[in-house]
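These notes are about the structure you will find just below.
Nothing in this text is a laboratory measurement; each read-out follows from the coordinates by a stated rule. All values derive from a computational prediction rather than experimental measurement. When we count neighbours, we look across all protein chains shown, and the Cβ atoms used for this are built from the backbone with ideal geometry, even at glycine.
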Amino acid sequence: MSKHFIQLSDLGEGGIVQVLDSADHFLETRGMLEHPRPLVGKSIALVFQKASTRTRMSLEIAVTELGGHPVVLTGSGSQLGRGEPIRDTARVLGRMVHGITFRTFAHSELMEMVNYAGVPVLNALTDAGHPMQILADLQTVRRKLGRLDRLKYCWLGDGNNMANSWIEAAGLLQLELALACPEGYDPDPDAVALARERGGSVTVFRRPEEAAEGADVVSTDVFTSMGQEAESAARLAAFAGYELNEVLLSKASPKSIVLHCLPAHRGEEISEAVLEGPHSVVWDEAEARLHTSKALFAWAFGV
């Protein structure tokens, strides 16, 4: 049975841990005969309205190593870039491929793809959430710290799509999550309320030092995302004091790890010393995108 992956809750009860277990298996068996190949005979469309490095690389390699055929479509290299409605593209793709990943801007565009494609659609990022990245982050945390529970997670910066997906994960896994966001850049309040209803401990602070206090996992992202370039000056002013540097990291646990989904703007949201320092696991985190993508494809196609 094939399934859509729109948000983390689509994985079902216990699904996050099952996908992480699967991702560990894909990591540990890469290049070996026992490495599963559930996409043999299947073509997967990888559709990018937003530019990408890690998402494109991980998905294209994942499909290939799972035995499938990746077909990459970018906005500039397809009729989407000339204004073809997503529903038209979706219906054509659905008649030719076995599944679709879609990286786009508005969440409504992803849902239009879902509603018209007729094949499994996986969310490779929207302005509302980035669940694929959170799975890679969680795999990295578990492999580095040995567990997901009984840890304090800290998010520094914009209450953006990454923050929203961290909040969803906190609710589903009953995690302790502290977010530091300047006024006017808070995460989705409905996402916060739902996470709390599910048993997660989610707190929003204004001072990054408070959020980072005693944290085991400290995560951040760019202050200005794709499509927000016109807001860059205002955002840099609003996020003054939110840089994840050595002083701020000293508030966290001495054994803390640092995450960043990349690309990183050194000297803005994170310092060179922290990004390249002993607490940083961002390169393992980037690699995890490959293994968790494989696990998601296996889940989506019922393997």
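Below, the figures for the structure above:
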{"read-out": "Convex hull volume per residue for segment 94-152, taking Cα atoms only, in Å³", "value": "104"}
{"read-out": "Paramagnetic label zone (point 7 Å from Cα along Cα-to-C-beta, R30; backbone N under 15 Å) in segment 36-73", "value": "36, 54-67"}
{"read-out": "Normalised per residue, the volume of the convex hull around the Cα set of segment 118-182 (Å³)", "value": "96"}
{"read-out": "Farthest toward positive dipole pole in the chain [+1 Lys/Arg, -1 Asp/Glu at C-beta], among L173, L138, G68", "value": "G68"}
{"read-out": "Cβ-Cβ FRET estimate between D149 and A273, R0 fixed at 30 Å, reported to 0.05", "value": "0.50"}
{"read-out": "Debye, to nearest 20: dipole size of segment 133-285, +1 on Lys, Arg Cβ, -1 on Asp, Glu Cβ", "value": "620"}
{"read-out": "Along principal axes, Cα extents of segment 133-285, largest first, whole Å", "value": "37, 36, 25"}
{"read-out": "q = 0.11 Å⁻¹, segment 37-179: log10 I(q)/I(0) [Debye, one scatterer per Cα]", "value": "-0.47"}
{"read-out": "Around Q49: net Lys/Arg minus Asp/Glu count, Cβ-Cβ under 9 Å", "value": "+1"}
{"read-out": "Net length gained if the chain between E209 and I61 were fully extended (0.36 nm per residue, minus Cα distance)", "value": "49.4 nm"}
{"read-out": "Size descriptor, Kirkwood hydrodynamic radius, that averages inverse alpha-carbon separations across the chain, Å", "value": "19.6"}
{"read-out": "Nearest-0.05 FRET efficiency for D88 and S201, computed from C-beta distance (R0 30 Å)", "value": "0.10"}
{"read-out": "Value at 222 nm in deg cm²/dmol, rounded to 500, when DSSP H runs of n ≥ 4 in the chain each add -39,500 (n - 2.57)", "value": "-12000 deg cm²/dmol"}
{"read-out": "Rg(Cα)/(2.2 N^0.38 Å) for segment 1-115, N = residue count", "value": "1.13"}
{"read-out": "Neighbour-limited loop hits for trypsin sites (Lys or Arg not before Pro), segment 168-247 (at most 15 other Cβ within 10 Å; DSSP other than H, G, I, E, B)", "value": "R198, R206"}
{"read-out": "Where Rh is the Kirkwood radius over Cα pairs, Rg/Rh for segment 200-303", "value": "1.03"}
{"read-out": "For segment 9-55: rounded, prolate or oblate by the Cα gyration tensor [a/c cutoff 1.5]", "value": "oblate"}
{"read-out": "Loop-exposed GluC sites (Glu not before Pro) per DSSP, neighbour cap 13 Cβ within 10 angstrom, longest uninterrupted part of the chain", "value": "35-182"}
